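J.: Handing you this structure, nothing more for now.
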Amino acid sequence: NAGVTQTPKFRVLKTGQSMTLLCAQDMNHEYMYWYRQDPGMGLRLIHYSVGEGTTAKGEVPDGYNVSRLKKQNFLLGLESAAPSQTSVYFCASSYLGTYGYTFGSGTRLTVV
Amino acid sequence: DQQVKQNSPSLSVQEGRISILNCDYTNSMFDYFLWYKKYPAEGPTFLISISSIKDKNEDGRFTVFLNKSAKHLSLHIVPSQPGDSAVYFCAASAIGGNQFYFGTGTSLTVIP
């Protein structure tokens, strides 16, 4: 059982570069989420999706874009990376919004 | 503003003793609560849940207590084991909600 898979696991970007983080789930979950974890800040929601073709903003959406073209994939894009986006990014999925999440193992991103 | 708060960033407990992790919330519409456990370099994993119709839920060594009037929940681990050393997040969701709101986490260290 793969569950939720995030790629890449690590990445270093230069300020102004762009990149896409991929999240894939094989549980047929409707809901998918992107969180970032920063010291002392806990897990903060960036964007989420309640189904294929839908996306919505979370608590900290600025500087990020997302797409959910296929039910199993949720992509997080950084168009012009900034040092403030240095963080650990977690993708999660759930059957319904109020069911428990299954998390991926995270992507550690450093922007220099 | 943080809707879910964990005011203790860290906690140290001797092996075999009880660990008590606390969580407070501000939104009276929250009706479903989860605890997640996170080891370094891994994604959070689901530990235990409780809905607002209950005031206690047990699963082996783990018990979660909910005090709705105080908007407070706690996680008890008895007896604590070194393998319990991890960061613990509480999370809350409202009826019909699309997401969980996470606390900032408490780092538990169980000393052998």
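J.: Rounded to two decimals, what is Rg over Rh for chain A when you use alpha-carbon atoms and the Kirkwood radius? Before the final figure, lay out the partial values.
T.: Details: Rg = 13.0 Å, Rh = 13.8 Å.
The Rg/Rh ratio comes out at 0.94.
J.: Can you say what percent of the DSSP beta bridges in chain A, counting only those with both residues inside, are antiparallel? Round to 5.
T.: Numbers: 35 of 39 bridges.
Of the beta bridges lying entirely in chain A, close to 90 percent run antiparallel.
J.: Quick one: 3J(HN,Hα) in Hz for the stretch A:5-19, Karplus 6.51/-1.76/1.60 with θ = phi - 60°, rounded, Gly and Pro as x.
T.: Ordered by residue, 3J(HN,Hα) equals 10, 10, 9, x, 8, 9, 7, 10, 10, 8, 3, x, 6, 10, 7 Hz.
J.: Out of the trypsin sites (Lys or Arg not before Pro) in the stretch B:15-112, which ones are loop residues according to DSSP with at most 15 other C-beta atoms within 10 Å? Don't skip to the end; give the middle numbers.
T.: Working: sites: B:17, B:37, B:38, B:54, B:56, B:61, B:68, B:71; in loops: B:17, B:54, B:61, B:68, B:71.
Answer in residue order: B:17, B:54, B:61, B:68.
J.: If contacts are Cα pairs under 8 angstrom and at least 6 residues apart, what is the relative contact order of chain A in percent? Don't skip to the answer; put the middle values down first.
T.: Values: 296 pairs, mean separation 40.2, N = 112.
Here the relative contact order equals 36 percent.
J.: Moving on. Going down the list A:9/B:68; A:9/A:70; B:38/B:71, which pairs span over 30 Å between their C-alpha atoms? Each step should come with its number before you reach the end.
T.: Working: A:9/B:68 39 Å; A:9/A:70 21 Å; B:38/B:71 24 Å.
Over 30 Å apart, Cα to Cα: A:9/B:68.
J.: For the protein assembly as shown, what % of the accessible area comes from carbon and sulfur atoms, probe 1.4 Å?
T.: Values: 5460 of 10650 Å².
Carbon and sulfur: 51 percent of the exposed surface of the protein assembly as shown.
J.: Still on this structure, please answer the following. Using the Kirkwood radius over Cα pairs, work out the Stokes-Einstein diffusion coefficient for chain B at 4 °C and 1.567 mPa s, in µm²/s as a whole number.
T.: Details: Rh = 14.0 Å.
In µm²/s, the coefficient rounds to 92.
J.: Assign unit charges at the C-beta atoms only (+1 for Lys and Arg, -1 for Asp and Glu), then state the dipole size of the stretch B:39-112 relative to its Cα centre in Debye, rounded to the nearest 20.
T.: Values: 5 positive and 5 negative charges, 55 e Å.
The dipole of the stretch B:39-112 has a size of about 260 debye.
J.: Can you work out the accessible area per residue across chain B, with the rest of the protein chains kept in place, probe 1.4 Å, in square angstrom? Before the final figure, lay out each step's value.
T.: Details: 5360 Å² over 112 residues.
Accessible area per residue: 48 Å².
J.: Using label points projected 7 Å from each Cα along Cα→Cβ, tell me how many nm separate residue B:68 and residue A:27, to one decimal.
T.: Each label point is offset 7 Å from its Cα along the Cβ direction, giving 2.7 nm.
J.: Kindly state, to the nearest 0.05, the FRET efficiency for residue B:51 paired with residue A:12, given R0 = 41 Å and r defined as their beta-carbon distance. Display every interim value, and only then the final one.
T.: On the way: r = 43 Å, r/R0 = 1.04.
The formula returns an efficiency of 0.45 here.
J.: Given the whole protein assembly as supplied and a 1.4 Å probe, what does the accessible area of residue B:76 come to in Å², nearest 10?
T.: Estimated to the nearest 10 Å², residue B:76 gives 40 Å².
J.: Over the Cα atoms, compute the radius of gyration (one decimal) and Dmax (the largest Cα-Cα distance, rounded to a whole number) for the protein assembly as shown, in Å.
T.: 17.5, 51
J.: To continue, here is another question. Scanning chain A for trypsin sites (Lys or Arg not before Pro) in DSSP loops with at most 16 other Cβ atoms within 10 Å, what's the longest stretch left with none?
T.: On the way: sites that count: A:9, A:14, A:70, A:71.
By the stated rule (loop sites, at most 16 other Cβ atoms within 10 Å), A:15-69.
J.: Working with all protein chains in place, sort B:4, A:12 by solvent-accessible area computed with a 1.4 Å probe, largest first.
T.: Numbers: B:4 0, A:12 95 Å².
Of B:4, A:12, the descending order of accessible area is A:12, B:4.
J.: To the nearest 20 debye, what is the magnitude of the charge dipole of the stretch A:12-72 about its Cα centre, counting +1 on the Cβ of each Lys and Arg and -1 on the Cβ of each Asp and Glu? Provide the component values of the computation, followed by the final result.
T.: Values: 7 positive and 6 negative charges, 29 e Å.
It works out to roughly 140 debye.
J.: What are the principal axis extents of the Cα atoms in the stretch A:9-53, in Å, biggest first?
T.: 34, 26, 18
J.: For chain B, with a Gaussian network of springs between Cα atoms less than 10 Å apart, report the residue from B:60, B:16, B:97 with the top mean-square fluctuation.
T.: For chain B, modelled as a Gaussian network with Cα springs under 10 Å, the answer is B:60.
The values are calculated or read from the model by the stated rules, or taken from the named source; none is laboratory data. These numbers were taken from a predicted model, which means no experiment stands behind them. Neighbour counts run over all protein chains shown; Cβ positions are idealised from the backbone, glycine included. Side chains are part of the model used for accessible areas, which takes the heavy atoms of the whole protein and leaves out ligands, DNA and RNA. Shrake-Rupley method; radii C 1.70, N 1.55, O 1.52, S 1.80 Å.
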